[in-house]
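Working notes for the structure below.
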Amino acid sequence: MPENNVTIKVETKEIERMFNQLPKQVNKDTIWGRYWRKVTKPLVQTTESQAPIAKRNIPYPPDKSLTIARGTLKKSIGFFRTRASKGDIHGAYVGPRVRGKFKKNKGGYYGAWVEFGDEVMHFGKFRSKGNKFMTRAWNAKGASVNQDGVKEAGKIFDSAVKSHTKRMKFGSLGY
């Protein structure tokens, strides 16, 4: 199975150097979260527009009495961070969400089946037709994520410094 994980190395060294200059009181992971949320907005919108809508409701495999409503995959597309993407990595994800209000039959957990349906066996029995909606979205907007990265990082850095300066008026009580 081909590896389709996309990792962005958007001049991260330069951005990381910039964010490391922030005072120690500022939570750098929060700043990285703001950064990724901002620069991936066009990618999220394109992915939502590329997501296919089923012709009818789909039975939820573990419990046939439940169904997955039409358009659920499209609604579940968004930006999210996990414990694994935070910390040292300072990363984020764009794609179908599967937790919170999108869990079980209301989630986009089957987004991978739609994307990679022709490459994997479903329940060990059959293959479906793949619809590479995430790949098409990345090909359309991936370059803009890279290009806008440094400019947006500067704005977010300035905002964080301004916020820190305001909070320091109150001394250590500001934090």
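Listing for the model above:
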| item | result |
| --- | --- |
| Å² of accessible area per residue within the chain, as computed with a 1.4 Å probe and no ligands counted | 66 |
| Accessible area of the chain belonging to carbon and sulfur atoms, whole % at 1.4 Å probe | 53 |
| Mean Cβ count within 10 Å, highest first, over the residues of peptides 15-23, 59-67 | 15-23, 59-67 |
| Label-reachable residues, segment 32-57, where backbone N falls under 19 Å from a point 7 Å from Arg136's Cα toward its Cβ | 42-56 |
| Spin-label model distance (nm) - Thr67 vs Asp118, 7 Å beyond Cα toward Cβ | 2.9 |
| Extension gain from Glu14 to Val26, taking 0.36 nm per residue of separation minus the Cα-Cα distance | 2.5 nm |
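The values are calculated or read from the model by the stated rules, or taken from the named source; none is laboratory data. On a predicted model such as this, the values are computed, not experimentally measured, just so you know. Cβ coordinates were reconstructed from backbone atoms using ideal geometry, including for glycine residues, and neighbour counts include every protein chain displayed. For the accessible areas, the whole protein counts, side chains as well, though only heavy atoms, and no ligand, DNA or RNA atoms are used. Shrake-Rupley method; radii C 1.70, N 1.55, O 1.52, S 1.80 Å.
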